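The values are calculated or read from the model by the stated rules, or taken from the named source; none is laboratory data. Since this is a predicted model, take the numbers as computed values, not measurements. Counting neighbours? That spans all protein chains shown, and the Cβs are built from the backbone with ideal geometry, glycine included.
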Amino acid sequence: MADNNNTQNVQPENGQNTQNNVKTPDVNEQIKNRMDKLKTLQEAGKDPFQITKYDVTHHTSDIKNNFDELEGKEVSIAGRLMQKRVMGKASFCNVADLKDNIQLYVARDCVGEEPYAAFKKFDIGDIVGVKGEVFRTQKGEMSIHVSEITLLTKSLQVLPEKYHGLTNTDQRYRQRYVDLIVNPEVRETFVKRSQIIKEIRNFLDGRDFMEVETPMLVANAGGAAARPFMTHYNALDEDINLRISLELYLKRLIVGGMERVYEIGRVFRNEGVDTRHNPEFTLMELYQAYTDYYGMMELAESMYRTVCEKVNGSPVVKYGDVEIDFSKPFERITMIDAVKKYSGVDFTEVKTDEEAKALAKERGIEYEDRHKRGDILNLFFEEYVEEHLIQPTFVMDHPLEISPLTKKKPDNPEYVERFELFMNGWEMANAYSELNDPIDQRERFAAQDALAAAGDAEANHTDEDFLNALAYGMPPTGGIGFGIDRMVMLLTDSAAIRDVLLFPTMKSLPNDK
């Protein structure tokens, strides 16, 4: 009994058979042929689109993983026809479902003459239901000896050809549904993404955090330095924004006595697209009463280690040629010390804004007139330090100027109790000892308003309701935000953020509008 190891898969996009140079119909002709087949089925009262359900007992991976137990027993599966090789009275084909794929052996004498004739007209991409007995072929391939095969959905489009697949990056992102069909590794990435988010929730649930939901449409888009998307609410005749952060509403809940809260949700920032940025992305923020940024360091380190072990089976993850080890204690370094280490500049000796700007000019670092000493320190960090932070590192104690929602360090009020978690040269989390002094917070908001008035489109604005909430009293609180998409990139060895977003932002094509 022959296996289908060399069977022809989906039809070539260029109309040329890649195995034997036999001319095959072009795509338009193939589509017409499929439409004609559907019409014939409908006229015969066998419209597959009238089928409403199919009873499935197993996925293909269940059969392969439990073959010894299932051999000789009947199973029922459903999936997409991905390969087909007709050989007279018997045929081999391959069906793929969510979990895996499996070979089918379809014999006329077993399924019946009329059903076999119908099967021979099935096309690659059709969705079928299959009943049959689990067996192993002479060459050892786990298979199903089909007793019944049913056309559940007629595919009217032509899938990309097996040997080249769907490799056009733009097309893959625009037609993710096709990408998922023909590139199993893509589907595996998104299965793993779901597992990562599940394990994050399990971790936080184990620490008594409550998952909540807060508004996406907000009057004041605060909590981060970013330009918001603006829209108009017709019913209220009011301009509003899509949220850029989850922070200010979650802190309101801490004021209300909900001591441990988190949210995983989409936020929207009106910015460019690159390998690590998409205008809409998934952010997780959590807030815990009665702790500080050291508590957030412990939580972040434990969460990354736990999730990596649960999802990948090891606390060590390989990204490209780099191994990142979550089993070891994460390094801790202040921003001042990090800049000194990698640039040679000691900002403890830089006393004025003018001195800082002179240093930036000397090093060729671009800055704006509004920038102060702390802003320049951060620019030095971005220029000299970030790319070196490969193993997990907490960069601590940021300048006050770039941290409008963070508590000052009691012994050095020019800096705040804040850290950013870096790994692989990327910022992966941002955390504070949260500012809970409403008077100080009002002053910080006023400074942000001044920046906005001077042309800073990413500045925060005074949020009077949030200040009112703080006036009722917020306990000492630690808070942290995690970029979920970057975490998924790292744990799935994905090169770009678009590879871990099912439907990334794309410029519309003319026929999309």
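Here are some notes:
Residue-by-condition table, conditions (1) free of Cβ contacts under 8 Å to residues at least 12 places away in the same chain; (2) buried (at least 17 other Cβ atoms within 10 Å of the Cβ); (3) over 21 Å from Ala469 (Cβ atoms); (4) touching a strand residue (DSSP E or B) at 6+ places or on another chain (Cβ under 9 Å):
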{"position": "Gln391", "(1), (2), (3), (4)": "no, no, yes, yes"}
{"position": "Met396", "(1), (2), (3), (4)": "no, yes, yes, yes"}
{"position": "Pro399", "(1), (2), (3), (4)": "no, yes, yes, yes"}
{"position": "Pro404", "(1), (2), (3), (4)": "no, yes, no, no"}
{"position": "Pro410", "(1), (2), (3), (4)": "yes, no, yes, no"}
{"position": "Val416", "(1), (2), (3), (4)": "no, yes, no, yes"}
{"position": "Leu435", "(1), (2), (3), (4)": "no, yes, no, yes"}
{"position": "Ile439", "(1), (2), (3), (4)": "yes, no, no, no"}
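- Test: residue in region 398-410 that is more than 30 Å from Pro315 (Cβ to Cβ), part of a strand (DSSP E or B) and of a type in the set (Lys, Arg): yes
- Restricted to region 174-210, and to residues there that are within 19 Å of the chain's Cα centre (by Cα) and acidic (Asp, Glu), the residue that is farthest from Leu502 (Cα to Cα) is Glu199.
- All positions within region 63-84 that are over 28 Å from Pro160 (Cβ atoms) and either in a strand (DSSP E or B) or not aliphatic (A, V, I, L, M) (or both): Asn65, Asn66, Phe67, Asp68, Glu69, Glu71, Gly72, Lys73, Glu74, Val75, Ser76
- Being in contact with a Pro (Cβ under 6 Å, 6 or more places away or on another chain), surrounded by 16 or more Cβ atoms within 10 Å (Cβ to Cβ), hydrophobic (A, V, I, L, M, F, W, C) and over 18 Å from Ala429 (Cβ atoms) is a description that applies to Leu377.
- Of the listed requirements (1) in a helix (DSSP H, G or I); (2) under 21 Å from Asn424 (Cβ atoms); (3) aliphatic (A, V, I, L, M), Val395 misses just one: (1).
- Within region 84-94, the set of residues being closer than 14 Å to Lys121 by Cα and either under 30 Å from the mean Cα position of the chain (by Cα) or crowded, with 21+ Cβ neighbours inside 10 Å (or both) comprises Lys84, Ser91, Phe92, Cys93.
- For first residues located in region 28-54 and within 25 Å of Pro160 (Cα to Cα), partners that are among the aromatic types (Phe, Trp, Tyr) and lie 6+ apart or on another chain with Cβ distances below 8 Å do not occur.
- Qualifying residue in region 354-369 (condition: surrounded by 17 or more Cβ atoms within 10 Å (Cβ to Cβ), in a strand (DSSP E or B) and in contact (Cβ under 8 Å) with a residue 12 or more places away in the chain): no
- Of all the listed residues (Leu421, Leu490), the sole one being closer than 30 Å to Arg305 by Cβ, in contact (Cβ under 8 Å) with a residue 60 or more places away in the chain and in a helix (DSSP H, G or I) is Leu490.
- Residue within region 107-115 that is touching a Phe, Trp or Tyr at 6+ places or on another chain (Cβ under 9 Å), part of a strand (DSSP E or B) and either in the same structural domain as Lys84 (by TED's automatic domain parsing) or free of Cβ contacts under 8 Å to residues at least 12 places away in the same chain (or both) present: yes
- Number of residues in region 300-348 that are in a loop (DSSP other than H, G, I, E, B), buried (at least 18 other Cβ atoms within 10 Å of the Cβ) and in contact (Cβ under 8 Å) with a residue 40 or more places away in the chain equals 2.
- Test result for Met297, surrounded by 15 or more Cβ atoms within 10 Å (Cβ to Cβ) and assigned by TED's automatic domain parsing to the domain that holds Val488: yes
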